[in-house]
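Working notes, structure below.
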Amino acid sequence: VREPGGDVNVSRLFAERAGQAGAVARHDGDPEGAIGGGAAARTIEADYELPFLAHTTMEPMNCTAHVRPDGVDIWVPTQFQTGAQGLGAQIGGVPPEKVQVHTTYLGGGFGRRFEMDFIQEALETSKASGGVPVKVIWSREDDIRNAQYRPANFHRLRAGLGADGRPVAWTHRIVAPTIMARW
């Protein structure tokens, strides 16, 4: 949906797409029949929109790295240990078995700690500093500036409630780009 001037109105586009057929994750019974066919005494409908969001982890993005000629140590709150090990091997110029990833508590990752940018910064800084251990801690401003934003999405829910107020049917349509698109 293009606005005057050529801009895309994501909210309107997603709302329109919620009325179209799409991939079905799960389908049990006949929710439309139950809602419209008399099994439901009352129908509730709601739309929810979520904008593009930075993950804004509770604990600052941080990593300690020690790149040496004989191996690499990485202390990091990560959700992707294998990726950290591979990146450490690449930057350190050593085989992956010479890279030790010490996973610390996440302090809230929300998917952001799957990314490698903050790990790469610590590894490259340690290597460039002559192989001394380096700890990188990002400020909130650094975090937002380098954020990998979650995609905007739209949810349309309909529920049919029986005479007793309990759900007899429920539909939930989601419109969103895949979080894997940038890979």
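The values are calculated or read from the model by the stated rules, or taken from the named source; none is laboratory data. Everything numeric here is computed off the predicted structure, so don't read it as measured data. Here Cβ is always computed from backbone atoms with ideal geometry, including for glycine, and neighbour counts include all displayed protein chains. Heads up: the accessible areas ignore ligands, DNA and RNA and are worked out on the full protein's heavy atoms, side chains in. Shrake-Rupley method; radii C 1.70, N 1.55, O 1.52, S 1.80 Å.
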- prompt: Tilt of helix 81-92 relative to the longest C-alpha principal axis of the chain, in degrees (0 to 90, nearest 10)?
  reply: 30 degrees
- prompt: Who wins for biggest fluctuation among D28, D73, D142 in a Gaussian network model of the chain, springs between alpha carbons below 10 Å?
  reply: D28
message: At a threshold of 8 angstrom on Cα-Cα distance, excluding pairs fewer than six apart, so keeping six or more, what relative contact order does the chain reach in percent?
response: 31 percent
- request: For the chain, set up a Gaussian network in which alpha carbons nearer than 10 Å are linked by springs, and say which option among P96, P167, P133 fluctuates the most.
  value: P167
message: Which residue fluctuates most in the GNM of the chain (Cα springs below 10 Å): E121, E45, E59?
response: E45
- prompt: In vacuo Debye scattering of the range 20-94, one point per C-alpha: log10 I(q)/I(0) at q = 0.11, 0.18, 0.20 Å⁻¹?
  reply: -0.62, -0.89, -0.99
message: Accessible area of the chain with a 1.4 Å probe: how many percent of it is carbon plus sulfur?
response: 54 percent
query: For the range 112-173, what relative contact order do you get, as a whole percent, if you take Cα pairs closer than 8 Å and at least 6 residues apart?
result: 21 percent
- request: Determine one quarter of the surface area of the Cα convex hull of the range 93-183, which equals its mean projected area, and express it in nm² to one decimal.
  value: 10.6 nm²
query: How big is the Cα convex hull of the chain in projection, averaged over all directions, in nm²?
result: 15.5 nm²
task: Amide H neighbours of M61 under 5 Å, at least 5 residues apart or on other chains, H built in the peptide plane: list them.
output: W138
- prompt: For the range 64-134, what is one quarter of the convex hull surface built on the Cα atoms, given in nm²?
  reply: 4.0 nm²
field: Estimated FRET transfer efficiency (I144, Y48; beta-carbon r; R0 25 Å; 0.05)
entry: 0.60
